[in-house]
Amino acid sequence: MIDTEGKRGVDIGDHNGDIDMAAVKAAGYDFVMIKLGYGSDIPDQDDNQFEANVRKAESLGMPWGAWLYSYALNDEQAQSELAHMLRLLNGKRPTMPIALDVEDSDDYRKNHGGWNYQNVTSCTRIVLDGLKAAGYYPMLYTGFEEIENYIAENVWKNVDLWFAHWASSCGYKGDNLCIWQYGGETNLIESNSIPGVGVIDKDLCYRDYPTIIKSGGWNNWGTPEPIPDDEFPPYLNGTTKDVQNWLNSSYGARLEVDGICGQLTRKALISALQAILNDTYIAGLEVDGIFGKRTKAAIRNLSRGDTGEYVKSLQAFLICRGHDTGGFDGDFGGMTESAVRTFQTVKHVTVDGIAGKNTFEALAND
């Protein structure tokens, strides 16, 4: 059950101008969500107050997170939006989540053919998966229209939600309601402005994100002890246990099935890959769990439409990196291709959706 009280915060962007952050804090607001910009990775689409707002929040000791307004009309543009977010976040250490804003308030996506269930679901999944794979704590900002008509339930229900509903109480009561945006241009709870600041979006947060993010090693906060599975939603757990069971049953790995992709699991993945290359292509590799020059040279390209155990090994690497491949079934379908593209974007490998030598090397060694 979500408490009716939470930490109060605001979300801001360049539309708020050169904001007096000290006045925001003095008025009793504890955290701030800062706009990164909008759309694809084009510097002109960066929010021109982002860097200044980050400096202000950090100088005041205010926890901050970030968000980007999505305009993606296809998977390629979603990849570019992910790259946009990662570029601006590089080297920063926010203690609140990183959110994708999925709405169509100006009808741009509708007018350009991108506001439909299949596209919005795919683009949303690509960005959220990519954030997680890059080590950032993902969040989805959205509302009733979107979850009812445009985003698949297995996406929005399994990620922390920042839910927009300007009312006297939040109409959405799901367990993944983590931030409620309760007012902006209109506000039924309190004034929609702060003295000395002006009209501003206001939020309630129901989770201790600074503790979760720091202790979990998210958002560039290092690599601490693993968080128990029940401390974060299923979307963040992945299916690494399925991979470990496969490695144990098919390749004699003798791993502890703990859902943690540590050194032993990664070595077992490389060993399985080497065994598959030997069986499929007579590669003659030593099965030693080390991805060296000979293993790289033996890699053959995998692409959409391929099937079999070699594809399953690719899916295993991606799953252990936190990507959703749409199944662990050895079938290189659309979601596996999207996962490959997302990984390639995050790791700065040529983004072509084809798993070749450089992609496998990055999966095995980075």
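The values are calculated or read from the model by the stated rules, or taken from the named source; none is laboratory data. Here the structure is a predicted model, which means the values were calculated and not measured. Quick reminder, even Gly has a Cβ in these numbers, built from the backbone with ideal geometry, and neighbours come from all protein chains shown.
Listed here are the residues, each with its yes/no results for (1) part of a helix (DSSP H, G or I); (2) surrounded by fewer than 16 Cβ atoms within 10 Å (Cβ to Cβ); (3) within 18 Å of the chain's Cα centre (by Cα); (4) touching a residue at least 12 places away in the same chain (Cβ under 8 Å).
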residue: Y182; (1), (2), (3), (4): no, no, no, yes
residue: E185; (1), (2), (3), (4): no, yes, no, yes
residue: E190; (1), (2), (3), (4): no, yes, no, yes
residue: D203; (1), (2), (3), (4): no, no, no, yes
residue: N219; (1), (2), (3), (4): no, no, yes, yes
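Return yes when N74 is out of contact with any strand residue (DSSP E or B) (no Cβ under 7 Å at 6 or more places or on another chain), over 30 Å from S338 (Cα atoms) and among the polar types (S, T, N, Q) and no when it is not. Considered against the rule, which asks whether it is out of contact with any strand residue (DSSP E or B) (no Cβ under 7 Å at 6 or more places or on another chain), over 30 Å from S338 (Cα atoms) and among the polar types (S, T, N, Q), N74 comes out as no.
Each row is one residue, and each column tells you yes or no for (1) within 27 Å of W218 (Cβ to Cβ); (2) among the hydrophobic types (A, V, I, L, M, F, W, C).
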site: S313; (1), (2): no, no
site: G327; (1), (2): yes, no
site: V346; (1), (2): yes, yes
site: K357; (1), (2): no, no
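Considering only residues of the stretch 152-167 that are of a type in the set (F, W, Y) and outside any strand (DSSP E or B), which is farthest from S105 (Cα to Cα)? Among those residues, the one meeting the criterion is W156. For beta carbons closer than 6 Å, sequence separation of 6+ or different chains, a first residue in the stretch 70-96 that is closer than 13 Å to C123 by Cβ and a second that is modelled with pLDDT under 95 and of a type in the set (K, R), the qualifying pairs are Q79/R341.
Checking each residue in the stretch 321-344 for being surrounded by fewer than 24 Cβ atoms within 10 Å (Cβ to Cβ) and polar (S, T, N, Q) picks out only Q344.
Quick check on the stretch 345-356: of everything there that is closer than 10 Å to L302 by Cα and surrounded by fewer than 20 Cβ atoms within 10 Å (Cβ to Cβ), which residue is farthest from the chain's Cα centre (by Cα)? By that ranking, first place goes to G356. With respect to the conditions (1) within 26 Å of Q118 (Cβ to Cβ); (2) modelled with pLDDT of 90 or more; (3) not aliphatic (A, V, I, L, M), G327 lacks only one, and its number is (2). Among the residues making up the stretch 246-256, those that are exposed (fewer than 15 other Cβ atoms within 10 Å of the Cβ) and closer than 23 Å to V311 by Cβ are S249, S250, G252.
Every listed requirement among (1) within 18 Å of R266 (Cα to Cα); (2) in contact with a His (Cβ under 8 Å, 6 or more places away or on another chain) is met by K293 save one, (2). Listed by position, the helices (runs of 4 or more DSSP H) contained in the stretch 272-366 that have at least 3 residues being of a type in the set (A, V, I, L, M, F, W, C) are 309-320, 334-347, 357-365.
Scanning the stretch 304-334 for residues that are hydroxyl-bearing (S, T, Y) and closer than 28 Å to N158 by Cβ, we see that the one that is nearest to the chain's Cα centre (by Cα) is T325.
Of everything in the stretch 115-140 that is touching a Lys or Arg at 6+ places or on another chain (Cβ under 8 Å) and either outside the structural domain of G217 (by TED's automatic domain parsing) or closer than 14 Å to R341 by Cα (or both), the residue that is surrounded by the fewest Cβ atoms within 10 Å (Cβ to Cβ) is A133. Return the residues of the stretch 46-65 that are more than 12 Å from G13 (Cα to Cα) and without any contact (Cβ under 8 Å) to a residue 60 or more places away in the chain; say none if nothing qualifies. R55, K56, A57, E58, S59, L60, G61, M62, W64 - these are the residues of the stretch 46-65 that are more than 12 Å from G13 (Cα to Cα) and without any contact (Cβ under 8 Å) to a residue 60 or more places away in the chain. The set of residues in the stretch 150-165 that are of a type outside the set (A, V, I, L, M) and surrounded by fewer than 19 Cβ atoms within 10 Å (Cβ to Cβ) comprises E153, N154, K157, N158, H165.
Comparison of T186, T142 shows that the only residue that is at pLDDT 95 or above, out of contact with any Gly (no Cβ under 7 Å at 6 or more places or on another chain) and of a type outside the set (K, R) is T142.
One residue is enough: does the stretch 20-35 have a residue meeting the conditions buried (at least 19 other Cβ atoms within 10 Å of the Cβ), small (G, A, S) and either at pLDDT 95 or above or part of a helix (DSSP H, G or I) (or both)? There is no residue in the stretch 20-35 that is buried (at least 19 other Cβ atoms within 10 Å of the Cβ), small (G, A, S) and either at pLDDT 95 or above or part of a helix (DSSP H, G or I) (or both).
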